[in-house]
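**Student:** Mind looking over this structure? Questions follow.
The values are calculated or read from the model by the stated rules, or taken from the named source; none is laboratory data. Quick caveat: nothing in here was measured; it's all calculated off a predicted structure. Using ideal geometry, Cβ is built from the backbone for each residue, glycine included, and neighbour counts are taken over all protein chains shown.
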Amino acid sequence: MEPKPVSASRSIMTDIIFPSDTNYHGTLFGGVVMKYVDKIATIASMRHSRKGVVTASSDSLDFLAPVKVGEALLLEAFVSWTHRSSMEVYVKVESENLSTGERKTTATSFLTFVALDEDGKPTPVPPVFPETPEERALFDTAEERYEARKKRKAHRNG
């Protein structure tokens, strides 16, 4: 299979936060962030594989700062590494104060998706190659995360 650049899967999503999206602190519900993260990661993995996909794992979702009512939520996702049928997807979440333009990273996440064929069985995906320093750093450390996922899964099944 012909390798694809990370940029082929890069996906961007922006939304505005309304009061109905927030908790009693007036900040965005963590579950809403999780929904957005899974959605944008799904799009990125489908762009890379051009197949249907399923979420295999959510390795991490680190909340770094709250998002307030009236701020914009910006999500960026891309396939950072691939194995045979699986794809690691990195998602960065930022908030933007629309009055001042100030942006801050509010969350980061790594998820794993598996590409499926027409029968719902795992199917091979193309390799990915990084193009920027950030992509290279994530690519170079991906195998460690992959091994940690395997150990976690074996421990749960063991």
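**Student:** Quick one: in the range 7-20, which of the residues that are in contact with a strand residue (DSSP E or B) (Cβ under 9 Å, 6 or more places away or on another chain) and either hydrophobic (A, V, I, L, M, F, W, C) or without any contact (Cβ under 8 Å) to a residue 40 or more places away in the chain (or both) is surrounded by the most Cβ atoms within 10 Å (Cβ to Cβ)? Please lay out each step first, then the result.
**Tutor:** Narrowing the range 7-20 to residues in contact with a strand residue (DSSP E or B) (Cβ under 9 Å, 6 or more places away or on another chain): 7-17.
Going one step further and asking which of them are either hydrophobic (A, V, I, L, M, F, W, C) or without any contact (Cβ under 8 Å) to a residue 40 or more places away in the chain (or both), we end up with 8, 12-13, 16-17.
Numbers: Ala8: 17, Ile12: 12, Met13: 16, Ile16: 12, Ile17: 20.
By that ranking, first place goes to Ile17.
**Student:** Right, something else. Could you identify the single residue in Ser58, Ser49, Ser11 that is within 18 Å of Phe139 (Cα to Cα) and modelled with pLDDT under 95? Explain how you work it out, then say what you get.
**Tutor:** Details: Ser49 fails: modelled with pLDDT under 95; Ser11 fails: modelled with pLDDT under 95.
After applying the criteria, what remains is Ser58.
**Student:** Scan the range 15-61 for residues that are within 28 Å of Pro126 (Cβ to Cβ) and outside any loop (DSSP other than H, G, I, E, B) and report the count. Break it down into steps so the answer makes sense when it comes.
**Tutor:** Going residue by residue through the range 15-61, those that are within 28 Å of Pro126 (Cβ to Cβ) are 34-61.
Keeping just the survivors that are outside any loop (DSSP other than H, G, I, E, B) gives 34-49, 52-61.
Here the count works out to 26.
**Student:** Among residues belonging to the range 62-91 that are part of a strand (DSSP E or B) and closer than 18 Å to Thr27 by Cα, point out the one that is farthest from the chain's Cα centre (by Cα). Let's see the steps before the verdict.
**Tutor:** Step one: list which residues in the range 62-91 are part of a strand (DSSP E or B), which gives 62-63, 68, 72-82, 86-91.
Retained after the next criterion (residues that are closer than 18 Å to Thr27 by Cα): 62-63, 68, 72-75.
Values: Asp62: 12, Phe63: 14, Lys68: 21, Ala72: 18, Leu73: 14, Leu74: 12, Leu75: 9 Å.
Looking at the filtered set, the residue picked out is Lys68.
**Student:** Which of the residues spanning the range 56-74 are surrounded by fewer than 23 Cβ atoms within 10 Å (Cβ to Cβ), among the hydrophobic types (A, V, I, L, M, F, W, C) and within 29 Å of Phe18 (Cα to Cα)?
**Tutor:** Leu61, Phe63, Leu64, Ala65, Val69, Ala72, Leu73, Leu74
**Student:** While we're looking at this one, here's another question. Being within 17 Å of Ser58 (Cβ to Cβ) and in contact (Cβ under 8 Å) with a residue 60 or more places away in the chain is the filter here, so list the residues in the range 135-151 that pass it.
**Tutor:** Of everything in the range 135-151, those that are within 17 Å of Ser58 (Cβ to Cβ) and in contact (Cβ under 8 Å) with a residue 60 or more places away in the chain turn out to be Ala142, Arg145, Tyr146, Ala148, Arg149.
**Student:** Among the listed residues Lys4, Lys92, identify the single one that is touching a His at 6+ places or on another chain (Cβ under 7 Å), basic (Lys, Arg) and either touching a residue at least 12 places away in the same chain (Cβ under 8 Å) or buried (at least 17 other Cβ atoms within 10 Å of the Cβ) (or both). Outline the logic, then answer.
**Tutor:** Working: Lys92 fails: touching a His at 6+ places or on another chain (Cβ under 7 Å).
Lys4 is the lone residue from the list that is touching a His at 6+ places or on another chain (Cβ under 7 Å), basic (Lys, Arg) and either touching a residue at least 12 places away in the same chain (Cβ under 8 Å) or buried (at least 17 other Cβ atoms within 10 Å of the Cβ) (or both).
**Student:** Among the residues of the range 31-47, are any in contact (Cβ under 8 Å) with a residue 24 or more places away in the chain, surrounded by fewer than 15 Cβ atoms within 10 Å (Cβ to Cβ) and either hydroxyl-bearing (Ser, Thr, Tyr) or touching an Asp or Glu at 6+ places or on another chain (Cβ under 9 Å) (or both)?
**Tutor:** Looking for residues that are in contact (Cβ under 8 Å) with a residue 24 or more places away in the chain, surrounded by fewer than 15 Cβ atoms within 10 Å (Cβ to Cβ) and either hydroxyl-bearing (Ser, Thr, Tyr) or touching an Asp or Glu at 6+ places or on another chain (Cβ under 9 Å) (or both), one finds none in the range 31-47, hence no.
**Student:** Give just the number: which of (1) surrounded by fewer than 16 Cβ atoms within 10 Å (Cβ to Cβ); (2) under 14 Å from the mean Cα position of the chain (by Cα) does Val53 not satisfy?
**Tutor:** Single failed check for Val53: (1).
**Student:** Further question: Considering Thr132, Thr55, which residue is within 23 Å of Asp15 (Cα to Cα) and touching a residue at least 24 places away in the same chain (Cβ under 8 Å)? Working first, answer last.
**Tutor:** On the way: Thr132 fails: within 23 Å of Asp15 (Cα to Cα).
Step by step, each of Thr132, Thr55 is checked, and only Thr55 is within 23 Å of Asp15 (Cα to Cα) and touching a residue at least 24 places away in the same chain (Cβ under 8 Å).
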